[in-house]
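Below you'll find the structure, written out as structure tokens, and then a few comments.
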Amino acid sequence: MSVDSATDQLLKSAEFKQLVVRRWRVSLVLTVLLFVGYYGYIILVATNKALLARRIGESTTLAIPLGAAVIIGAWVLTALYVVWANRQYDPHVKTLRERVTHRK
């Protein structure tokens with residue numbers, strides 16, 4: 001299977017490579033933030049149970065809202081990625097795709 005010259009030129013272009021680097025950078029930052037949140041919570045559970053067992057209401061401990069915050073944080077990070085992709089990444093991909101289809 002061969003790649004036509006327009007596609008090959010696009011794949012080798014600095015603009016395409018920059019777009020790929022930017023996508024990886026955003027993905028890695030969001031992944032690190034997600035891991036810090038999840039594993040930070042797990043480490044807190046493992047190392048400081050007394051803190052998480054502290055009551056903040058009649059029947060709720062601190063662990064419940066912190067666990068919910070981790071889950072909500074994952075949703076927020078996902079939403080941030082979707083917004084970034086819709087506003088930044090997808091328009092660039094569309095432009096690059098149009099260049100290839102117009103050259104054929």
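The values are calculated or read from the model by the stated rules, or taken from the named source; none is laboratory data. Since the model is a prediction, treat every value here as computed from it, not as a measurement. Glycine gets a Cβ as well: all are built from the backbone with ideal geometry, and neighbour counts include every protein chain shown.
Quick check on my filter: what residues within region 56-75 are within 19 Å of the chain's Cα centre (by Cα), more than 11 Å from Tyr38 (Cα to Cα) and surrounded by 15 or more Cβ atoms within 10 Å (Cβ to Cβ)? Scanning region 56-75 gives no hits. Residues that are without any contact (Cβ under 8 Å) to a residue 12 or more places away in the chain, surrounded by 13 or more Cβ atoms within 10 Å (Cβ to Cβ) and more than 23 Å from the chain's Cα centre (by Cα) within region 14-55 comprise just one, Leu51. Does Asp8 satisfy the criteria of being of a type outside the set (Lys, Arg) and touching a residue at least 12 places away in the same chain (Cβ under 8 Å)? Against the criterion (of a type outside the set (Lys, Arg) and touching a residue at least 12 places away in the same chain (Cβ under 8 Å)), Asp8 does not qualify. Could you tell me how many of the residues in region 22-70 are at pLDDT below 95 and within 21 Å of Trp84 (Cα to Cα)? So the count comes out to 0.
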